1. Quick check on residue 148: is it out of contact with any Gly (no Cβ under 8 Å at 6 or more places or on another chain), more than 16 Å from the ligand (Cβ to nearest atom) and within 27 Å of residue 91 (Cα to Cα)?
2. Cβ contacts < 7 Å: first residue over 11 Å from residue 108 (Cβ atoms), restricted to the stretch 67-86; second residue β-branched (Val, Ile, Thr) and not in a helix (DSSP H, G or I), any location; separation 6+ or different chain. Result?
3. Any residue at all in the stretch 138-148 that's modelled with pLDDT under 95 and either under 24 Å from residue 100 (Cα atoms) or over 16 Å from the mean Cα position of the chain (by Cα) (or both)?
4. Residue 67 passes all but one of (1) surrounded by 12 or more Cβ atoms within 10 Å (Cβ to Cβ); (2) in contact with a Pro (Cβ under 8 Å, 6 or more places away or on another chain); which number fails?
5. Go through the stretch 41-55 and report how many residues are in contact (Cβ under 8 Å) with a residue 24 or more places away in the chain and assigned to a helix (DSSP H, G or I).
6. One residue is enough: does the stretch 193-212 have a residue meeting the conditions assigned to a loop (DSSP other than H, G, I, E, B), more than 10 Å from the ligand (Cβ to nearest atom) and of a type in the set (Lys, Arg)?
7. Any residue at all in the stretch 224-232 that is without any contact (Cβ under 8 Å) to a residue 12 or more places away in the chain and either part of a helix (DSSP H, G or I) or of a type in the set (Phe, Trp, Tyr) (or both)?
8. Six or more apart or on different chains, Cβ under 9 Å: which pairs go from a residue in the stretch 185-211 that's within 11 Å of residue 23 (Cα to Cα) to one that's assigned to a loop (DSSP other than H, G, I, E, B) and aliphatic (A, V, I, L, M)? Could you list them?
Amino acid sequence: MQRELNFSGPSPILYLVATPIGNLSEWSPRAIETVKDADYVACEDTRHSGELLSRFNIDKQLISCHEHNEEQAGEYIVSLLKDGKKVCYMSDAGYPAISDPGSRLVKRCLENGIKVSTISGPNAALNALASSGLDSTHFYFHGFLPPKSNERKKELEQLSGKGETIIFYEAPHRIEATLKEVYSVLGNRQACLARELTKTHEEFIRGDLESLSKLDSSTLRGEMVLIVAGFTGGKEVSEEDIRLALKDALKGGLKGKEAISEVCDRLDVKKNRVYEIYLKEFRS
Ligand code: SAM
């Protein structure tokens with residue numbers, strides 16, 4: 001075991017700097033100071049981070065450290081830190097190492113006796129969860145589902161019994177398929193699709209998965225996070241489920257009261273809920 005306070009003691013320190021997820025005014029004074037104070041800024045994409053730095057009139061030597069070169073770049077960054085240079089690391093948006101590169105760099109630094117500290121900032125998952133209206137006492141962050149449909153289904157099946165609220169990241173070109181698959185595997189749960197967080201067109205679409213899966217995908221542009229309620233012990237029954245069950249019961253020859261009671265038993269739902277739908281849909 002090794003123990004040393006982060007901001008005192010002889011060992012070098014790598015700063016992970018969270019960056020804005022849209023709204024530049026969310027970049028904290030401490031983050032800006034840390035970057036200004038660094039000798040080198042290592043980053044996921046030098047062009048992207050170069051633009052961010054220039055918006056803040058910061059000119060620094062950038063080091064590219066992304067998914068595909070994290071090992072080699074990590075070695076170089078460790079050597080700079082050991083040499084007494086100040087280095088920080090940032091990804092394109094939000095927290096490094098959260099669905100972004102950074103965790104292998106952190107591991108390498110720790111293995112080399114280099115301390116690590118994170119400069120806080122925005123994170124898409126937590127922004128979305130906090131405003132979703134879904135239970136945030138216990139939650140599970142899943143990040144991206146795999147791109148291939150059969151692998152996505154497999155992962156979703158493994159998540160289906162989880163009681164915690166689930167957080168997914170998704171790209172706009174896959175959101176339509178993902179919403180349909182999440183609905184088909186997890187059943188009809190409450191959910192929230194949070195789009196363009198912190199930006200001018202920020203939007204929270206709250207509803208059940210059945211209705212979210214029918215959204216016109218041309219209206220689902222930009223970056224998004226999907227929050228889905230955890231498993232509550234049984235499949236949630238939608239209004240449409242009740243309507244179809246009533247239709248079947250009536251078609252099968254049952255009269256009003258009998259049909260309602262049959263549907264209540266079959267779907268395990270409250271009588272007044274079925275009665276209301278019966279009145280609205282079937283009583284002429
Ligand atoms: N490291 C980032 C973080 O801490 O949130 C996440 C990076 S991950 C590569 C990018 C994904 O995060 C996007 O596909 C989207 O799911 C989510 N995301 C990032 N910015 C967002 C925003 N402004 N609004 C909604 N989702 C966002």
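1. yes
2. Hits for this filter: 80/87.
3. Yes, because at least one residue in the stretch 138-148 is modelled with pLDDT under 95 and either under 24 Å from residue 100 (Cα atoms) or over 16 Å from the mean Cα position of the chain (by Cα) (or both).
4. Against the list (1) surrounded by 12 or more Cβ atoms within 10 Å (Cβ to Cβ); (2) in contact with a Pro (Cβ under 8 Å, 6 or more places away or on another chain), residue 67 comes up short only on (1).
5. So the answer is 4.
6. no
7. Among the residues of the stretch 224-232, not one is without any contact (Cβ under 8 Å) to a residue 12 or more places away in the chain and either part of a helix (DSSP H, G or I) or of a type in the set (Phe, Trp, Tyr) (or both), which makes the answer no.
8. Sorted first by the residue in the stretch 185-211, then by its partner, the pairs are 197/21; 198/21; 199/21.
The values are calculated or read from the model by the stated rules, or taken from the named source; none is laboratory data. Owing to the predicted nature of the structure, the values given are computational and were not obtained by experimental measurement. Cβ coordinates were reconstructed from backbone atoms using ideal geometry, including for glycine residues, and neighbour counts include every protein chain displayed.
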